[in-house]
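Here's the structure we're looking at; comments come further down.
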Ligand SMILES: Cc1ncc(COP(=O)(O)O)c(C=O)c1O
């Protein structure tokens, strides 16, 4: 097994004569093993790991300067939106939020200040699908950096660099780690210049992960393919159950043929994943809370991508930092509940949802 190099520094033979490692903020052998592993999964020339997904995202935005503009998907993870608006907008970086279900919508926001397009697909939590190849055609024609947050799909289901993205970002806390026991982020790139700049930012600002966490994610990745197959299988079973349930208003899962971008999902993903959301008839927050608290197999918790199923209420949890008006525009209504489908027995998951739905009204 990859050793856990629990060290902050490395003995040198004589000043400047060393084995490639000088100080662990810059490089650690356990982390290097993980970076090579994640790069291979994303078919990337380089990967860089960070102490969280947000640390990885933060490094990407540090490529920009005041006055630069970013065109971002309008249905982002709430923490990404919060970092853009509360940390970087005051530094003079401007973010436009655009419904990218039709990639052509990006075009009208491009001007001479635009530097970056930021995509999340499937989006969190309403599972919109964005056509990565179409975004790459736009970004290449205007010389922009295309960032794709691939957390929801995982490298097993989708490889954005193959479709023309410049940077892939992961919250490795989720499917890569897979066991809800570590917080970690990763970036993958092919371009050497981008890699050098991002590695410099990482070493200079220091959001790097420790060796134990690197070991845990390496271990998680060993079963990524097996877990993902089961997440997808269970996700389909649960989605089909909810679709036919009389208390469900809308269900968001890209595997349904009537999903607006089902064909794009089929084209760019191997399968439809284990994430889905639904709203309830009457749109009552009280009922959504009651349902979320009545689950017995699902745990009520933030996060996703672990082997255990989770239920969350985006409006009050992951998306609480997005103003109500803004979030409702993208479907994050008061009764919306998000499920991260784990690898338990699908029948147990369905029985749990059934009893919780019976408990409301
Ligand atoms: C899609 C997505 N991107 C990024 C992040 C941030 O990652 P982390 O929590 O590892 O900092 C999350 C966290 O939930 C996420 O869901």
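The values are calculated or read from the model by the stated rules, or taken from the named source; none is laboratory data. Just so we're clear, the structure is a prediction, and the values are computed from it rather than from any experiment. Neighbour counts run over all protein chains shown; Cβ positions are idealised from the backbone, glycine included.
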Can you tell me which residue in the stretch 124-135 is surrounded by the most Cβ atoms within 10 Å (Cβ to Cβ), limited to those that are in contact with a strand residue (DSSP E or B) (Cβ under 6 Å, 6 or more places away or on another chain) and part of a loop (DSSP other than H, G, I, E, B)?
125
Are there any pairs with C-beta distances below 8 angstrom linking a residue in the stretch 117-128 that is closer than 17 Å to residue 95 by Cβ and modelled with pLDDT of 95 or more to a residue that is near the ligand (Cβ under 10 Å from one of its atoms) and not in a loop (DSSP other than H, G, I, E, B), with the two at least 6 apart or on different chains, and if so which?
118/80; 118/149; 119/149; 120/80; 120/149
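Those residues that are part of a loop (DSSP other than H, G, I, E, B) and closer than 13 Å to residue 126 by Cα, I need them from the stretch 335-355; list them, please.
Keep residues of the stretch 335-355 that are part of a loop (DSSP other than H, G, I, E, B), which gives 335-336, 341-345.
Of everything in the stretch 335-355, those that are part of a loop (DSSP other than H, G, I, E, B) and closer than 13 Å to residue 126 by Cα turn out to be 335, 336.
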Against the conditions (1) under 21 Å from residue 270 (Cβ atoms); (2) over 18 Å from the mean Cα position of the chain (by Cα), where does residue 111 fall short? Just the number, please.
(1)
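For the stretch 140-157: of the residues being over 19 Å from residue 338 (Cβ atoms) and buried (at least 23 other Cβ atoms within 10 Å of the Cβ), which is farthest from the chain's Cα centre (by Cα)? So that I can check it myself, show each step before the final result.
Step one: filter the stretch 140-157 for residues over 19 Å from residue 338 (Cβ atoms), giving 140-148, 155-156.
Retained after the next criterion (residues that are buried (at least 23 other Cβ atoms within 10 Å of the Cβ)): 146-148, 155.
Values: 146: 15, 147: 12, 148: 9, 155: 11 Å.
Only one residue tops the list, namely 146.
Check the stretch 159-174 and report whether any residue there is at pLDDT 95 or above, in a helix (DSSP H, G or I), in contact with a helix residue (DSSP H, G or I) (Cβ under 7 Å, 6 or more places away or on another chain) and away from the ligand (no atom under 15 Å from the Cβ). I'd like the intermediate steps shown before the answer.
Residues of the stretch 159-174 at pLDDT 95 or above: 159-174.
Then keep just the ones that are in a helix (DSSP H, G or I); that gives 160-163.
If we keep only those that are in contact with a helix residue (DSSP H, G or I) (Cβ under 7 Å, 6 or more places away or on another chain) too, we end up with 160, 163.
Keeping just the survivors that are away from the ligand (no atom under 15 Å from the Cβ) gives 163.
Yes, the stretch 159-174 contains a residue that is at pLDDT 95 or above, in a helix (DSSP H, G or I), in contact with a helix residue (DSSP H, G or I) (Cβ under 7 Å, 6 or more places away or on another chain) and away from the ligand (no atom under 15 Å from the Cβ).
Let's see how each residue does on (1) in contact with a helix residue (DSSP H, G or I) (Cβ under 9 Å, 6 or more places away or on another chain); (2) farther than 16 Å from residue 280 by Cβ; (3) in contact (Cβ under 8 Å) with a residue 40 or more places away in the chain:
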| position | (1), (2), (3) |
| --- | --- |
| 316 | yes, no, no |
| 319 | yes, yes, yes |
| 323 | no, yes, no |
| 328 | no, no, no |
| 331 | no, no, yes |
| 334 | yes, no, yes |
| 342 | yes, yes, yes |
| 349 | yes, yes, yes |
Among the residues listed as 108, 113, 62, 94, the single one being surrounded by fewer than 20 Cβ atoms within 10 Å (Cβ to Cβ) and within 16 Å of the ligand (Cβ to nearest atom):
62
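Can you tell me which residue within the stretch 180-217, out of those that are in a loop (DSSP other than H, G, I, E, B) and within 14 Å of the ligand (Cβ to nearest atom), is surrounded by the fewest Cβ atoms within 10 Å (Cβ to Cβ)? Please lay out each step first, then the result.
Start the filter on the stretch 180-217 by keeping residues that are in a loop (DSSP other than H, G, I, E, B), which leaves 180-184, 190-191, 206-210.
Filter once more, so that each one left must be within 14 Å of the ligand (Cβ to nearest atom): 180-184, 207-209.
Working: 180: 20, 181: 13, 182: 21, 183: 19, 184: 28, 207: 18, 208: 21, 209: 24.
Once the filter is applied, the top-ranked residue is 181.
Identify, from the list 273, 255, 220, the residue that is touching a residue at least 40 places away in the same chain (Cβ under 8 Å), surrounded by 18 or more Cβ atoms within 10 Å (Cβ to Cβ) and either more than 30 Å from residue 23 (Cβ to Cβ) or touching a strand residue (DSSP E or B) at 6+ places or on another chain (Cβ under 9 Å) (or both). Don't jump to the end; show me each part of the working.
Working: 255 fails: touching a residue at least 40 places away in the same chain (Cβ under 8 Å); 220 fails: either more than 30 Å from residue 23 (Cβ to Cβ) or touching a strand residue (DSSP E or B) at 6+ places or on another chain (Cβ under 9 Å) (or both).
Going through 273, 255, 220 in turn, the sole match is 273.
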Is it the case that residue 299 is under 21 Å from the mean Cα position of the chain (by Cα) and touching a residue at least 24 places away in the same chain (Cβ under 8 Å)?
no
Considering only the stretch 223-331, give the strands (runs of 3 or more DSSP E) lying wholly within it that have at least 2 residues that are within 16 Å of the ligand (Cβ to nearest atom).
275-280, 310-312
Output the number of residues of the stretch 193-206 satisfying the condition of being touching a strand residue (DSSP E or B) at 6+ places or on another chain (Cβ under 8 Å) and over 10 Å from residue 62 (Cβ atoms).
3
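Could you look through the stretch 65-91, keep only residues that are part of a loop (DSSP other than H, G, I, E, B) and modelled with pLDDT under 95, and pick out the one that is surrounded by the most Cβ atoms within 10 Å (Cβ to Cβ)? Steps first, answer last, please.
Keep residues of the stretch 65-91 that are part of a loop (DSSP other than H, G, I, E, B), which gives 65-68, 74-77.
Right, trim to modelled with pLDDT under 95 and you get 74-77.
Working: 74: 19, 75: 27, 76: 23, 77: 24.
Ranking the candidates gives 75 first.
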